[in-house]
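Working notes for the structure below.
The values are calculated or read from the model by the stated rules, or taken from the named source; none is laboratory data. Predicted, not measured: the structure shown is a model, and the values here were computed from it. Cβ: placed from backbone, ideal geometry, glycine included. Neighbour counts: every protein chain shown.
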Amino acid sequence: MISSLHIIGSGGFGGAERFFVRLVQALHEAGQPVAAVSRPGGMVAPELGAEIEHHGVPLRNVLDLPSRWAIRRLARELRPDIVQTYMGRATRLTRLKGRGPVHIARLGGFYKLDGYRHADAWVGNTTAICDYLREGGFPADRVFHIHNFVDIAPPLAETELAAARAHFGIPADARVIAGVGRLVEKKGFQDLLDAFARLPAELGERPLHLLIAGDGPLAESLGEQTRALGLASRVHWAGWQRDPAPVYQLAEIFVCPSRHEPLGNVILEAWSHGRPVLSTASHGALELITPDESGVLVPCEDPPRMAEALRTLLADEPARRQIASAGRAVAGGRYGRASVVESYLSLYDELLRRLR
């Protein structure tokens, strides 16, 4: 067995935090000794469950010396084989001394690299991020690619879906396009709204509605854009969802409209719910999706092309079924739990043999 301590510094709960929880739980369920560190009062600890050993450390900012000392003390007391940090704050605050645990920094984006160089090894969740690390001068033999995973989601009961429709204010007969993500510029929801405005109000004698789950600084301006486009009665803002399963499963088509996306956890999650995905051709989507097989790709920041692709896909039910089936197969295979956990455990074993 290989013991590991996993550290994340964010207080919210988005795609990165969901993956953190999934991986820690998966390692625990695989029989590996595992513990987690996150901010006390944050949203990560409750999601881990009572079976996971958790330690609260403030992790206020990258200059939080008491948190740096607390992490070092935990590493001495728990004596894990591996300390794995997620994103910048946790990585910068993890400064281990001596021949103790192997420090792995996991990156899910094209972050500034200076705060990562002190780690012993690095994991990028896309090949593009790994290339970025190597081009940034990181030793190639200690840069590894391990992608994220999702669990295949069980279908919700019709009564649950009907309740979700009513809760979000969506008519029972409406066809639904859905998106999930932070309401920030790079997620491209302004482009999705423009594309949706180019579609007819009804298709196949059924009203067409848009459901968006998420929160963020653009919430007000996106609401204003919705009203300016005359879409207020057909666009539904679900806000942040602890469990977005109903949003995915109400969708006839799931859209990832990002202008910039290193990976795209929402694509994996939509696949796990058996939904056909239409995405912009961001870095992550290009790596995840086989075009016109496991998803449909359109250029970034191009609402007319997005609208055209949506119209085509909405009119072709066999294509939607085929794309959804292919995506679900990818999510359950290469991007499944067993494959990714095995990759991490193999990496841990290799690094312990090489670096200790």
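Data table
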{"item": "Verdict on Asp173 being crowded, with 20+ Cβ neighbours inside 10 Å and acidic (Asp, Glu)", "result": "no"}
{"item": "Among residues of the stretch 118-145, those that are out of contact with any Gly (no Cβ under 8 Å at 6 or more places or on another chain) and either in a loop (DSSP other than H, G, I, E, B) or farther than 21 Å from Ala281 by Cα (or both), counted", "result": "15"}
{"item": "Filtered residues of the stretch 39-64 (kept if of a type in the set (A, V, I, L, M) and either part of a helix (DSSP H, G or I) or surrounded by fewer than 20 Cβ atoms within 10 Å (Cβ to Cβ) (or both))", "result": "Met43, Val44, Ala45, Leu48, Ala50, Ile52, Val62, Leu63"}
{"item": "Single match in Ile289, Ile267, Ile323 (criterion: over 19 Å from the mean Cα position of the chain (by Cα) and surrounded by 17 or more Cβ atoms within 10 Å (Cβ to Cβ))", "result": "Ile323"}
{"item": "Selection within the stretch 65-92 - over 27 Å from the mean Cα position of the chain (by Cα) and either touching a residue at least 60 places away in the same chain (Cβ under 8 Å) or not in a helix (DSSP H, G or I) (or both)", "result": "Leu74, Ala75, Leu78, Arg79"}
{"item": "One residue from Ala315, Ala307 being touching a residue at least 40 places away in the same chain (Cβ under 8 Å) and either at positive phi or surrounded by fewer than 16 Cβ atoms within 10 Å (Cβ to Cβ) (or both)", "result": "Ala315"}
{"item": "Qualifying position, being touching a Lys or Arg at 6+ places or on another chain (Cβ under 8 Å), on the phi < 0 side of the Ramachandran plot, without any contact (Cβ under 8 Å) to a residue 60 or more places away in the chain and among the aliphatic types (A, V, I, L, M), among Val44, Val57, Val37", "result": "Val57"}
{"item": "Residue satisfying condition, being crowded, with 20+ Cβ neighbours inside 10 Å, of a type outside the set (Val, Ile, Thr) and out of contact with any strand residue (DSSP E or B) (no Cβ under 7 Å at 6 or more places or on another chain), within set Phe110, Phe149", "result": "Phe149"}
{"item": "In the stretch 313-356, residue modelled with the highest pLDDT [restricted to those that are among the charged types (D, E, K, R), farther than 30 Å from Leu199 by Cα and not in a helix (DSSP H, G or I)]", "result": "Arg334"}
{"item": "Qualifying residue in the stretch 258-277 (condition: closer than 30 Å to Leu23 by Cα and touching a Pro at 6+ places or on another chain (Cβ under 7 Å))", "result": "no"}
{"item": "Residue ID - modelled with the lowest pLDDT, chosen from residues in the stretch 235-256 that are hydrophobic (A, V, I, L, M, F, W, C) and assigned to a loop (DSSP other than H, G, I, E, B)", "result": "Trp240"}
